[in-house]
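The values are calculated or read from the model by the stated rules, or taken from the named source; none is laboratory data. Given the structure is predicted, the values throughout are model-derived calculations rather than measurements. Here the Cβ positions follow ideal geometry from the backbone for every residue, glycine too, while neighbour counts run over all protein chains shown. Side chains included, ligands, DNA and RNA excluded: accessible areas come from the protein's heavy atoms. Shrake-Rupley method; radii C 1.70, N 1.55, O 1.52, S 1.80 Å.
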Amino acid sequence: MKKSVMVTLLVGAVLILIISTAVSLSLLPRTTSNADPDRCELVVIAHRGASGYVPEHTLGAYALSITMGADFVEPDLVMSRDGHLIARHENELSLTTDVSERPEFANRYRTQTIYGRAVSGWFSEDFTLAELKTLRAVERIPRARPGNARMDGAFDIPTFQEIIDLVKAMERSERRTIGIYPEIKYSTHFRNIDLGMERPLVDMFHNNGYIGSSSAAYIQSFEINNLKELNRMTNIRLIQLYGGNPMNQPYDQFVSGTGLTYADMATPDGLKEVATYAQAVGPEKDYIIPRKADNTLGEATKFVQDAHAAGLAVHPYTFRAENSFLPAEFRSEDPSESAIGDFRGELEVFIATGIDGLFADQPDVPIQVRGTLIWCYQRGVTRLTDTKQPKHGNDACSVASFSRSRMLLLSLNCTILNTSCGPVAKRGQM
């Protein structure tokens with residue numbers, strides 16, 4: 001039997017075992033709290049699932065991230081031709097599915113303009129859900145993640161309802177609350193072709209019991225007008241995303257000619273305006289610590305403090321372990337594209353700025369870092385020294401590579417002192 005076939009069968013068997021066990025345990029009485037998974041802790045959001053280990057936006061990636069301990073799973077959502085919400089990072093399908101190898105869909109290839117840019121390929125809005133379900137997922141960046149690429153073809157494209165079902169089942173097996181954190185992709189584009197996602201997404205959330213601001217859910221968007229509309233539709237928390245280039249505009253603002261840029265939205269006044277319709281912000285991490293010309297980290301900005309002053313939580317994106325994504329000082333000497341660097345080191349520097357959560361492709365690593373902080377706090381450590389690589393066990397606290405206040409450490413896990421997280425502790429302010 002070929003190695004790729006063996007890997008596919010093994011992955012499929014593991015996924016079936018995880019999901020079947022979760023479903024069987026879902027019949028048992030629930031023993032966990034319904035507490036919001038980000039009520040007290042530094043929130044770890046599994047970016048596209050555990051996409052550093054399994055092809056992104058598959059039930060396998062989401063299930064693995066949950067078993068690793070992620071607080072939220074993050075599906076990006078686009079629409080099918082017949083109005084079903086499915087999980088893909090783009091509506092163009094060729095980067096993450098085998099559609100280009102499917103002769104029956106060759107005539108669906110076309111070019112269209114999306115957000116002012118000509119894009120060629122196969123688009124979700126040209127396929128029914130039944131057709132999309134015949135496609136198989138593939139790894140987006142196979143050279144950086146060759147292990148993931150060995151799982152090409154093992155998974156299909158999940159619907160949003162299937163993701164909700166998986167999360168609810170695994171809440172039973174994991175005995176904890178697990179959040180869902182969808183992003184609406186290309187809102188203006190889908191509205192323009194009568195496939196707007198906002199109302200179907202809210203209805204699906206509400207129909208599955210995610211209703212109030214205390215529900216384990218956020219909705220994300222890079223645009224503004226749809227978030228304001230969502231704010232009138234639902235009490236589910238909203239997060240305003242910020243594009244990687246601060247001088248760019250949210251696309252809906254470009255279309256309406258307001259001139260508003262992400263840089264404008266990152267000022268103290270801009271953040272106060274965002275707080276009128278959203279509860280959190282999701283900046284690209286350079287808004288918090290920009291990189292210098294040599295690709296090393298520069299000085300931290302006031303973005304986190306300004307956002308907290310406006311009453312907003314801060315969940316930056318995207319943290320990845322491979323050298324090609326890391327700042328220069330955290331890269332290993334291995335020249336291969338798939339080489340892993342000092343991911344923990346980068347995480348610790350950003351956590352020290354007071355962020356409330358983060359998006360990660362390898363969610364197990366920030367969960368381990370968070371666990372080290374809690375371990376240190378339980379031993380009475382209130383200030384950690386500024387050295388380099390963290391160790392484990394008795395030396396973990398003395399060599400952690402960042403300084404944290406007692407109040408911010410307390411905010412990581414309110415059960416340590418059997419107390420609740422107030423606004424100050426939650427934000428890590430003194």
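A compact table of results
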{"quantity": "Flag for ARG30 being modelled with pLDDT under 60 and exposed (fewer than 14 other Cβ atoms within 10 Å of the Cβ)", "calculated": "yes"}
{"quantity": "Hits in segment 85-97 - residues which are buried (at least 22 other Cβ atoms within 10 Å of the Cβ) and part of a loop (DSSP other than H, G, I, E, B)", "calculated": "ARG88, ASN91, LEU93, THR96"}
{"quantity": "Count - residues of segment 60-103 that are over 20 Å from ARG143 (Cβ atoms) and either touching a residue at least 60 places away in the same chain (Cβ under 8 Å) or of a type in the set (Lys, Arg) (or both)", "calculated": "27"}
{"quantity": "Residue in segment 132-142 that is of a type in the set (D, E, K, R), surrounded by fewer than 18 Cβ atoms within 10 Å (Cβ to Cβ) and not in a helix (DSSP H, G or I) present", "calculated": "yes"}
{"quantity": "Only one of LEU166, LEU135, LEU129 that is touching a residue at least 12 places away in the same chain (Cβ under 8 Å) and in contact with a His (Cβ under 8 Å, 6 or more places away or on another chain)", "calculated": "LEU129"}
{"quantity": "Options SER120, SER100: the member that is open to solvent by 10 Å² or more (accessible area, probe 1.4 Å), part of a strand (DSSP E or B) and at pLDDT 95 or above", "calculated": "SER120"}
{"quantity": "One residue from PHE222, PHE205 being buried (at least 18 other Cβ atoms within 10 Å of the Cβ), at pLDDT 95 or above and under 17 Å from the mean Cα position of the chain (by Cα)", "calculated": "PHE222"}
{"quantity": "VAL274, sole failed condition from (1) surrounded by fewer than 21 Cβ atoms within 10 Å (Cβ to Cβ); (2) without any contact (Cβ under 8 Å) to a residue 40 or more places away in the chain", "calculated": "(1)"}
{"quantity": "Test for GLN279: is it in contact with a Leu (Cβ under 9 Å, 6 or more places away or on another chain) and more than 23 Å from ILE45 (Cβ to Cβ)", "calculated": "no"}
{"quantity": "Tally of residues being touching a residue at least 24 places away in the same chain (Cβ under 8 Å), under 18 Å from PHE330 (Cα atoms) and of a type outside the set (A, V, I, L, M) across segment 285-303", "calculated": "6"}
{"quantity": "Condition met for ASP252 (of a type in the set (Asp, Glu) and open to solvent by less than 60 Å² (accessible area, probe 1.4 Å))", "calculated": "yes"}
{"quantity": "Only listed residue being out of contact with any Ser or Thr (no Cβ under 7 Å at 6 or more places or on another chain), within 17 Å of VAL281 (Cβ to Cβ) and modelled with pLDDT of 95 or more, chosen from LEU195, LEU227, LEU238", "calculated": "LEU238"}
{"quantity": "Subset of segment 280-310 (residues that are part of a loop (DSSP other than H, G, I, E, B), within 21 Å of the chain's Cα centre (by Cα) and of a type outside the set (A, V, I, L, M, F, W, C))", "calculated": "PRO290"}
{"quantity": "Residues of segment 143-171 classified as of a type in the set (Lys, Arg) and surrounded by 21 or more Cβ atoms within 10 Å (Cβ to Cβ), total", "calculated": "1"}
{"quantity": "Sole exception among (1) crowded, with 18+ Cβ neighbours inside 10 Å; (2) over 25 Å from THR318 (Cβ atoms); (3) of a type in the set (Lys, Arg) for ARG108, by number", "calculated": "(1)"}
{"quantity": "Selected residue (criterion: surrounded by the fewest Cβ atoms within 10 Å (Cβ to Cβ)) from residues of segment 60-74 that are out of contact with any His (no Cβ under 6 Å at 6 or more places or on another chain) and not small (Gly, Ala, Ser)", "calculated": "THR67"}
